[in-house]
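Each value in this text was obtained by applying a stated rule to the coordinates, not by laboratory testing. Everything quoted here is computed from the prediction, not taken from an experiment. Cβ: placed from backbone, ideal geometry, glycine included. Neighbour counts: every protein chain shown.
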Amino acid sequence: MKIGVFDSGLGGLTIVKTMLENLHGAEIVYIADTINAPYGEKTTEQIIDFSTRITQYFIDEFHIDALVIACNTATSAAITTLREKFKDLTIIGTEPGLKPAISHSQSKKVGVLATPATLNGEKYKLLRDELSKQYKVDVFEQACPRLVQQIENGEIDTPKTISMLEDWLSPMREAGVDTIVLGCTHYPLVGESIKKVMHNDINLIETSHAITKRVNELCNNSMKCENENSLKIFTTGKISGSMVEMILGKKYEVEYIKI
């Protein structure tokens with residue numbers, strides 16, 4: 001089973017890590033589109049263009065059976081277009097885990113950290129309005145510009161990153177938010193820093209396990225459980241090898257490609 005996974009950078013590797021730990025017989029190919037990062041500050045048209053070209057590259061070069069869009073922003077902007085264009089390809093997206101966050105929250109006050117593009121997406125806004133009304137939950141949203149770049153540079157818990165998080169999270173802390181949705185695949189990498197800033201035992205909701213479960217459900221008939229997983233990593237621009245190793249727990253060769 002050949003599975004293509006892409007993100008604008010390193011964040012999608014948080015999903016790949018969970019896939020490697022829980023799937024069997026998967027050949028995973030990962031593309032970090034770092035030359036166009038961050039997606040969260042690009043237009044919808046640009047994100048659709050990036051996503052379409054990457055998907056076509058996966059099909060042409062690796063003959064993938066399934067695609068995982070390991071990026072909330074790209075999912076919001078491009079998944080409908082990709083499903084229309086590549087009808088024979090199984091495509092799985094990444095969306096903020098609002099529903100599980102609401103079920104975890106005792107205070108009924110839920111925070112959402114995401115990119116501007118994700119928070120402005122129509123699908124997300126409809127889901128937020130529906131769930132907040134249905135479950136009588138207050139949702140505190142915060143766009144996090146430049147946080148992806150901090151993470152890509154390995155600045156997980158530097159004073160600058162902590163200061164940025166303090167500015168964004170202090171209103172949630174004061175309001176009594178007890179559950180935060182990590183609406184970008186990069187953000188689990190600063191999870192400990194978020195907990196430090198929130199000053200309490202905050203629930204952090206990310207979706208890597210839900211995505212892996214969905215991949216397994218959709219692709220299980222093609223999995224050969226006796227085979228081990230494999231992973232190849234490609235990037236369109238600069239990437240931190242030390243961060244790749246930190247996320248995945250071992251060194252991987254990263255190959256530069258042009259798409």
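Assorted remarks:
- Residue order, fewest to most surrounding Cβ atoms within 10 angstrom, among Asp7, Asp88, Asp33, Asp129: Asp88, Asp129, Asp33, Asp7
- Helix-derived mean residue ellipticity, 222 nm - over the chain, DSSP H n ≥ 4, -39500 (n - 2.57), to 500: -14000 deg cm²/dmol
- Rounded to the nearest 10 degrees, the inclination of helix 122-135 to the longest alpha-carbon principal axis of the chain is 50 degrees.
- Ile205 long-range amide H proximity, modeled H, under 5 Å: Ile180, Val181, Leu182
- Matching label, Rg and Dmax of the Cα atoms in Å computed from the structure shown, candidates (1) 22.0, 92; (2) 22.4, 74; (3) 17.7, 51: (3)
- Helix 159-175 and the long axis of the chain differ in direction by around 60°, with both axes built from C-alpha atoms.
- Using a simple spin-label model with pseudo-atoms 7 Å out from Cα toward Cβ, Glu245 and Ser107 lie 3.9 nm apart.
- Site pair Gln56 and Lys160 shows an inter-label distance of 3.7 nm when each label is modelled 7 Å from Cα along Cα→Cβ.
- For Lys251, Lys258, order by how many other beta-carbon atoms lie within 10 Å, fewest first: Lys258, Lys251
- Computed lengthening from Leu126 to His199, 0.36 nm per intervening residue step minus Cα-Cα distance: 23.2 nm
- Relative to the longest principal axis of the Cα atoms of the chain, the long axis of helix 44-62 lies at roughly 30 degrees.
- Going from the residue with the fewest nearby Cβ atoms within 10 Å to the one with the most, Phe86, Phe50 rank Phe86, Phe50.
- Rounded to whole Hz, the Karplus (6.51, -1.76, 1.60) HN-Hα couplings of segment 231-244, x for glycine and proline: 9, 10, 10, 10, 9, 9, x, 5, 8, 8, x, 5, 6, 4
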